[in-house]
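Data first, discussion second: the structure below is written as structure tokens.
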Amino acid sequence: MATEHSLLSLDVDEWRLGPEEERLGTQRPVVLRCSDRDQLTENGENGENGEYGKYAEHGGQGGRGEHGERGGAGGRRESGAVGAQSAAALNGDYRLDIDEERRARWRWLHAHPVTAAVLDCDDGLRKPVPPVEELRGLSHGTVPVLCRLDTHGREGDAEGLARLVRGGFGVALWRRRHGLPEAVCGEFHRGTLDQIAGPIGAHRLPEAVRDLRFKLRSGRPETFWAHGIALLYDDPHQPLPGTGDLLEAP
């Protein structure tokens, strides 16, 4: 299912194709893709063009000195079309860098063991998802896990998902809390670390998540921690079909 980052918390796996049908998430692997990934990368974390836009606005290494020559950090700000071209060039370089990093992460995750890392929870206490530059410093074998996502509450939770996308991650896990008690937090951490991470690459994750959903619906008590689990599985080598088409829920 492809959707904008602000709707990635939709419970698509709970949808039914008919009143008598089983939930989609137990019938087949249901994963999520981000349809506005490119726009998020272009806009950056701090508004249009992100840090790179601000860098271009203040001249950076592309400014001109007092006498019009190309200057260093002390050059004054460019204006008009020249300044706009510099901002676009810097943003383009950043976009290419992130896109290549995204592809490199995907390749690594599908050829090496996976490591799960809980990013928004520390001993049961909520903490913010790290900034993009810190996320980019995580190893290529890392699958980010969000434990504290509140799909009906905190406005910053959509931004947390957006940071993962901006950081170059095509695979990530989270859970929709839906008012679950805090005690379930530790079980979710252990479940993702023990059952999701492992010696096999990320290609097994869609089926592993489907299997967890099936066991949960079958009443298996050892899988209660997986209630509301969701998987971002967004292959950067496979462009989305039908870009711009409207999607309707069944």
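No value in this document is a laboratory result; all are computed from the given coordinates. Because the structure is a prediction, the values reported are computed rather than measured. Note that we place each Cβ from the backbone using ideal geometry, even for glycine, and neighbour counts take in every protein chain shown.
Structure data summary
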| item | result |
| --- | --- |
| Extended-chain gain in nm, criterion 0.36 nm per residue less alpha-carbon gap, ARG204 and ASP122 | 26.8 nm |
| Difference of contour (0.36 nm per residue) and Cα-Cα distance, ARG217 to GLU21 | 69.2 nm |
| Peptides ranked, highest mean first, by Cβ atoms within 10 Å: ranges 170-176, 129-135 | 170-176, 129-135 |
| Built amide H within the under 5 Å cut-off of ALA116, gap 5+ | VAL143, ALA197 |
| HN-Hα J in Hz across the range 120-129 - Karplus 6.51, -1.76, 1.60, θ = phi - 60°, x for Gly and Pro | 10, 8, 9, 6, x, 9, 5, 9, x, 4 |
